[in-house]
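The values are calculated or read from the model by the stated rules, or taken from the named source; none is laboratory data. Everything quoted here is computed from the prediction, not taken from an experiment. Backbone-built Cβ (ideal geometry, glycine too); neighbour counts: all protein chains shown. All accessible areas refer to the heavy atoms of the entire protein, side chains included, with ligands and DNA or RNA removed. Shrake-Rupley method; radii C 1.70, N 1.55, O 1.52, S 1.80 Å.
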Amino acid sequence: MENIISDANIWYMTEPQLCPYLPQKQERRIFTRIPDSRARHLDSEFAHAGFRRSRDVFYRPFCVGCDACVSVRICASDFETSQSVRRILKRNEDIHVVILPPKATLEQFNLLQSYLFNRHAESKMAAMSFENYTEMVEDTHVQTQIMEFRLNDALLAVSLGDVLQDGLSMTYSFFEPAAAKRSLGNFMILKHIEHARALSLEYVYLGYWVEGSNKMSYKTRFRPLERLYPDGWKPMK
């Protein structure tokens, strides 16, 4: 982490706010802004150090007395297809996947609103405007892409992410709430594993996992999984 600290210009700290994952906890984040001239190179370096990207900002949790947020990544090259995985793939074999440049559309935004109002109505993102969504998608200085998941002409799911030097980083995903039985969240991860292999990339970065948080439990289903320890990435037991 020392190298990327020296590469960043100024570091900032957010004010404490309620943790979205653990009740009675407060969340703080440390973050920095990276100029576009260096962002593409540093995107991978920050991911290796447990940071996430949002627009031109790289951030990670920095909570006093709590280190529950753990960076995790799937070893895509070693991923084995289990019976449950095969069932998800079979259930969604009629879905067509398209990989696109980071361009926001009203169709995507309408799906996002439906997802947020049904799944995360209490979050700040639920008040997002189309302009906000456009900035989230298009304000990027790294290699960003969108995956659209369609059933015929209907848009069922969208995943925004970055292409790193050694993997794919899933930034944000959302799907049609009425299609919950399809397990679209898991399906999107499976398609990223498939895409990473096609690009000869080793990992799929899933962001943070929090032990004890039901919102994060799905991430441990994808094995082999690595987590970031103070002394580097190691297999997660």
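Quick query: amide H of Leu164 versus all other amide H atoms, modeled in the peptide plane; which residues come in under 5 Å with a sequence gap of 5 or more or a different chain?
Result for Leu164 returns Ser169.
What number comes out for the charge environment of Leu112, summing +1 per Lys or Arg and -1 per Asp or Glu over other residues with Cβ under 12 Å away?
My count for the surroundings of Leu112 gives -1.
Under unit Cβ charges (Lys, Arg +1; Asp, Glu -1), what dipole magnitude, rounded to 20 debye, does segment 63-113 have relative to its Cα centre?
In total the dipole reaches around 120 debye.
So how long is each side of segment 136-237 along the principal axes, counting just the alpha-carbon atoms, biggest first, in Å?
Largest first, segment 136-237 extends 47, 33, 26 Å along its Cα principal axes.
Just to check, using Stokes-Einstein with a Kirkwood Rh over alpha carbon pairs, what's the diffusion coefficient of the chain at 20 °C and 1.002 mPa s in µm²/s?
This corresponds to a translational diffusion coefficient of 115 µm²/s.
Using θ = phi - 60° and the Karplus curve 6.51 cos²θ - 1.76 cosθ + 1.60, what whole-Hz ³J(HN,Hα) does each residue of segment 29-35 get, with Gly and Pro shown as x?
With coefficients 6.51, -1.76 and 1.60, one gets 10, 9, 8, 8, 9, 10, x Hz.
Could you rank Asp162, Asp94, Asp231 by how accessible they are, 1.4 Å probe, largest area first?
The most accessible residue leads, giving Asp231, Asp94, Asp162.
Can you tell me the accessible area per residue over segment 1-154, all protein chains present, probe 1.4 angstrom, in square angstrom?
Roughly 59 Å² per residue, with all protein chains present.
Explain nothing, just the number: dipole magnitude of the chain about its Cα centre with +1 on each Lys and Arg Cβ and -1 on each Asp and Glu Cβ, in debye rounded to the nearest 20.
With only Lys, Arg, Asp and Glu charged at Cβ, the dipole is about 860 debye.
Assigning unit charges at the beta carbon (Lys, Arg +1; Asp, Glu -1) and nothing else, what dipole magnitude in debye, to the nearest 20, does segment 144-216 show about its Cα centre?
The calculated dipole for segment 144-216 is roughly 260 debye.
Among His41, His120, what's the order by accessible area (1.4 angstrom probe), most exposed first?
The ranking, largest first, comes out as His41, His120.
Within segment 101-237, how many Lys pairs that are eight or more residues apart, or on different chains, come under 24 Å at the alpha-carbon?
Lysine pairs satisfying the spacing and distance rule in segment 101-237 number 15.
Run a plain Debye calculation on segment 28-88 (Cα atoms as equal point scatterers, no solvent) and give log10 I(q)/I(0) at q = 0.24, 0.29 Å⁻¹, rounded to two decimals, same order as the q list.
Relative scattering, expressed as log10 I(q)/I(0), comes to -0.97, -1.22.
For the chain, what does the relative contact order come out to in percent, with C-alpha contacts under 8 Å and a separation of six or more?
Rounded, it is 24 percent for the chain.
If eta is 0.890 mPa s and T is 25 °C, what Stokes-Einstein diffusion coefficient results for segment 1-136, Kirkwood Rh from Cα pairs, in µm²/s?
The Stokes-Einstein estimate is 134 µm²/s.
Over segment 107-182, what per residue volume does the convex hull of the Cα atoms give, in whole Å³?
Spread over its residues, the Cα hull of segment 107-182 gives 109 Å³ apiece.
So how many Å³ per residue does the convex hull of the Cα atoms of segment 57-138 work out to?
204
Val98 to Glu131: FRET efficiency via 1/(1 + (r/R0)^6), r the Cβ-Cβ distance, R0 35 Å, to the nearest 0.05?
0.90
Could you put Ser44, Ser183 in order of accessible surface area, largest first, with the 1.4 Å probe and the full protein assembly present?
Ser183, Ser44
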